[in-house]
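Here is the structure we will look at.
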């Protein structure tokens, strides 16, 4: 028996802090449990004794008889700890601490919360909450409404877990109001012990949960989230709303990669890595959950439509096409079949436009053709309810076709069910057949887009990263004996050595401290060259006038060196770096930044204005698979430049992906590296021509 | 009396083709008129006579007595013409032709439609439809439900006009289901005579119409649309859904500007010019209409919030900030006031987060503070309905504050009104106070964003275009005697002359047909130079290897000329063009393309990859105001480059705007120009340094 069975399938429940006063939490929970017919005994506990809702009240949890797995605790915060000791003594397995007054009120509450966590650790009893609503499980074998809200519980296939009580209520009520069945529900407030990922894992094991809805305000433990949620999301859709991106104080961000990472990037890369679908609209999330609850995931992105009103179907088509979905023409067979069956006025394009007078039978034929058409992975049936049409016949046709099909089927019913009982019945029957009925035409398009998004995430073959030959020990040695500046930045020569040990191709370079050395270096490298100034205080060389490109001969070098020396007169410890001029096709930036608790986030983008002005960059959470690096190259808006455009050649994509993989590995294997920027990487179309020209590396400060 | 008064405020109505059979159009219209208590007489007409719904049936429209302004005609398509003749003879002012079988069925129907339009023109009687629903007017002095649908009509302030019957029904039912009052409604199908812009103009004159909702599938007459709708949209919000962007056949598009103009661009620029808000989501459009119906347009983009549940308010904040709205902190005064009034646990940030137990009185104080706070232009009150709170007191507080405020106030109520009558009453009271209640938190944010969009559109001061000194006559002369190629393109020298007469700064250039001429030209212009090949068949010079840049001396010129001549050996009539090498800061593209029936659409963008790869361009409909050209420069994503970024200087913005204004004027004053591309314009930061380097101009083919 899974540990959380005691929470979601308890044999019996005690409510400590039960109350006879209506509209108190200690009363509502008992009434909810009784109203929904909980399968086991419910025992109120209150030192005053007496009777609540017809049940005898026990004076102590220690007096409660029988197999009681779960207890609610609704007592003053300062009494919770002693109550928990009693619960543990009584052999309770899980306690839902509804009481508030813990971490959410500040340091004093946090201390009390720490105390109750210690009790749990010591006794092995698990805690849910504190400062929380509770749980529900609509499984008819349990009928558990262990929660104090008013939201309706109808059996179904959506399971919800929410950190914020308010958002949880919005989700819960939406499903209740729209007759959408839920399976399990949990809102665990401060989540001091039983965690959200643990609950998602439990939902993952439940066959009747077809889709999981998640509301998060923060990641308590990103590593746990990744480990527990990714395997679930690979099997069934997990839809998340993450809100509350609190400003992370005034963290000094000095690298490009760090500066471009917005607060939300961490959430995005983590959810992407898990295969969780993120939403910013709660309404869209709820509608998509509805569809996943009863409809299969489409096998592709082709959508067929049938309608008795042209204009709304055009809206669906517009939205689908904008979202990158396909609205293919009917197959030859479908056309022939419908030509014979439908009225001659019907348009046999996609959408099939059947005129307002179309009968249920005609809807049936059209659906039969679309659901049987190999070009269609999903089908939308769109209808108004003209008063001269038997709309129940349309409902029957949809029911019948839905029964015989394993394709995704959605409905749009543009009607006011309050106006005619027959119309309400039409909608209710279609919904009851598992075909979700939307009101606005664009909703169907949005839902299909997100279903397809899930399919693509689930089906991405995560090809492993290539095996890389690196000198990990060498890099560790360099880092261990390195000389970081006050901000943690390493001197350029050490950075270059670290990168070389990981096989990251650096441009050849030569350093000098004076003009004589420079002359020698130039003769060694060969003109044309690039001259750069290096100093601990010189982070953005170009801005400071510390870079001179395309120096053709010794005279020009001399002039450039003198100019630069004059400009940087105030800077201490300047050294001179010479590199060969590269004939690069494209400037690239590759970077990485370690997000606390999450891990290294790797960035790829085009350099210059693409990164400076257009912020056209892509982030992924390390470790990176081969699929990840391909998606990164495909993810920039200016990707056409990588492949070559209008006569300009593209660049060596394999070389770029190799560099990204090596950066990912370097960050994974060396937790003391905080940030890394390779900027620019000069990408070339010639094999072996792609080189890192400049790099900055910062160690974690508390090294 | 306005002409359309006979349609929306008729003194009496005849229904020709009335029927006693329930669920026929000729029956529904009579029942709807009676059910809603139309203010005047309703007379059924049918050759069979008898009685319908208790009313005597006249055998002919000619027999109908009294002041009858409006007639419905619901007879077979081939009988409509003769019926209309009778209506005209009877003195009917407007006829709603519900019958179908006209333009929508093909050429035969179109011919019949033409016939009835001729009757209207000849007799002065106006036609609405054919193939249409009808109209409504909820003004209690009229109570006109001259329409065959079932949608509920409740008096209010939204007026709707829709081309597509299906979408009209969706809009109509949404308002009906959500108790949102409508003012007038019209769905005019084929719109053979009375047009949509004419109806919008009528709504514009109606003080009780606060917002106009529009569904369009095509612009019958863009000029009429602009002339009639723009003045209305300057006074009250017009919200449009335009769907059905039909592919415009296979038009050969040879210019950049034409190629970048998507089918939807015409709609976008036209609606933008009119000040109409375009939507792609019907649901969003309906919700925004709701808010405009009863709430004032916010005076700025600062939003204050108060909530009794933290997590949903965070969603509103996230969405507002993402959309560019402001969520400013409370003023000192507001904080002091609330510090004294609210419980100490309340957070006095924005949103004001009051804990679930907050009373109606506390909501009242918070609203008072927010509505009185000078930083807030709009306020959102967000609440759950905890069972231990008197939610009606919250409703009363909102009512009271709404009465005393002229700021925009929206509500988010996260509750299921079916669960408790008190909650339904709470929502109903807030709605009745004119404060629209939304369910999903993000809806309030979206609605405020669009209200702010309207404010910005309405308030943009359309500063007139500068007066330009141009030689219009000179340009007309050059065009009249020009030598267009088979595609309508003019020879480069003629293009340059036309542009010069409009004061568009061309780079100095010199042409030659052989090496001797080239040598002379080079000495005249001075090195470095650019060499280009010109020929009628050479549209994309660079791709064909017909451009050589940065030629430093006579030797290099000779070599470049020989190379190019070799490459273009197969091209006929090649001539050579020399220009000085420009030291340009940025490559720009300016273009224009004439959209049939709409006018010249002017394009601005950055050249190179910005236009080729990123499609970062902005379109506006000519004539352009000074505000338009400023918005165009601000409208490109890479605008930072225009202003200068990271040490690179910006460019002379005034020079660019001047060129765009001149292009606009050239297109306006010369309707025979179909397309124009200035590509590249070399923009400089030096006064007088910005020059057009290459240009192409195509005349309308049927010149």
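Some notes on this structure:
- Hits in segment B:671-703 (condition: farther than 18 Å from residue B:487 by Cβ and crowded, with 17+ Cβ neighbours inside 10 Å): B:678, B:680, B:681, B:682, B:683, B:684, B:685, B:689, B:690, B:691, B:692, B:693
- Residues of segment B:118-164 that are more than 14 Å from chain A (Cβ to nearest Cβ), buried (at least 24 other Cβ atoms within 10 Å of the Cβ) and over 29 Å from residue A:316 (Cα atoms): B:127, B:137, B:144, B:146.
- Taken together, A:605, A:591 contain a single residue that is modelled with pLDDT of 90 or more, under 20 Å from residue A:637 (Cα atoms) and either surrounded by fewer than 20 Cβ atoms within 10 Å (Cβ to Cβ) or within 14 Å of chain B (Cβ to nearest Cβ) (or both), which is A:605.
- Remark: pairs (first residue in segment A:410-422, farther than 22 Å from residue A:380 by Cα and within 7 Å of chain B (Cβ to nearest Cβ); second residue modelled with pLDDT under 90 and surrounded by 23 or more Cβ atoms within 10 Å (Cβ to Cβ); Cβ separation under 9 Å; 6+ apart in sequence or on different chains) = A:419/B:151; A:419/B:173.
- Screening residue B:215 against (1) within 20 Å of residue B:148 (Cβ to Cβ); (2) away from every other protein chain (no Cβ under 12 Å); (3) surrounded by 24 or more Cβ atoms within 10 Å (Cβ to Cβ) leaves a single unmet condition, (2).
- Test result for residue A:438, in contact with a strand residue (DSSP E or B) (Cβ under 6 Å, 6 or more places away or on another chain) and within 14 Å of another protein chain (Cβ to nearest Cβ): yes
- Which numbered condition residue A:56 misses (of (1) modelled with pLDDT of 95 or more; (2) over 15 Å from residue A:13 (Cβ atoms); (3) surrounded by fewer than 18 Cβ atoms within 10 Å (Cβ to Cβ)): (2)
- Test: residue in segment A:558-569 that is in contact (Cβ under 8 Å) with a residue 12 or more places away in the chain and on the phi > 0 side of the Ramachandran plot: no
- Residues (part of a helix (DSSP H, G or I), under 43 Å from the mean Cα position of the chain (by Cα) and surrounded by fewer than 21 Cβ atoms within 10 Å (Cβ to Cβ)) located in segment B:332-352: B:332, B:333, B:335
- Residue, nearest to residue A:401 (Cα to Cα), within segment A:317-341, restricted to residues that are in contact with a strand residue (DSSP E or B) (Cβ under 8 Å, 6 or more places away or on another chain) and away from every other protein chain (no Cβ under 14 Å): A:338
- Verdict on residue B:549 being outside the structural domain of residue B:225 (by TED's automatic domain parsing), buried (at least 17 other Cβ atoms within 10 Å of the Cβ) and over 27 Å from residue B:664 (Cβ atoms): no
- Segment A:552-564 - residue that is surrounded by 15 or more Cβ atoms within 10 Å (Cβ to Cβ) and touching a strand residue (DSSP E or B) at 6+ places or on another chain (Cβ under 9 Å) and, of those, farthest from residue A:688 (Cα to Cα): A:564
- Every listed requirement among (1) closer than 16 Å to residue B:450 by Cβ; (2) surrounded by 24 or more Cβ atoms within 10 Å (Cβ to Cβ) is met by residue B:323 save one, (2).
- Residues in segment B:165-190 that are closer than 18 Å to residue B:203 by Cβ and surrounded by fewer than 24 Cβ atoms within 10 Å (Cβ to Cβ) were compared, and the one that is modelled with the lowest pLDDT is B:180.
- In segment A:353-384, the qualifying residues are those that are assigned to a loop (DSSP other than H, G, I, E, B) and surrounded by fewer than 24 Cβ atoms within 10 Å (Cβ to Cβ), and the one that is nearest to the other protein chains (Cβ to nearest Cβ) is A:356.
- Some residue of segment B:299-316 being more than 12 Å from chain A (Cβ to nearest Cβ), free of Cβ contacts under 8 Å to residues at least 60 places away in the same chain and within 23 Å of residue B:399 (Cα to Cα): no
- Within segment A:165-179, the residues that satisfy the criterion of being farther than 12 Å from residue B:309 by Cα and within 7 Å of another protein chain (Cβ to nearest Cβ) are A:173, A:176, A:177.
- Residue in segment B:571-584 that is surrounded by fewer than 22 Cβ atoms within 10 Å (Cβ to Cβ) and within 13 Å of chain A (Cβ to nearest Cβ) present: no
- Among residues of segment A:273-308, those that are surrounded by fewer than 23 Cβ atoms within 10 Å (Cβ to Cβ), part of a strand (DSSP E or B) and over 17 Å from the mean Cα position of the chain (by Cα), counted: 1
- For segment A:625-639, a residue qualifies if it is closer than 17 Å to residue A:464 by Cα and within 14 Å of another protein chain (Cβ to nearest Cβ), but none of them does.
The values are calculated or read from the model by the stated rules, or taken from the named source; none is laboratory data. Computed from a prediction, not measured in an experiment: that's the story for all the values here. Backbone-built Cβ (ideal geometry, glycine too); neighbour counts: all protein chains shown.
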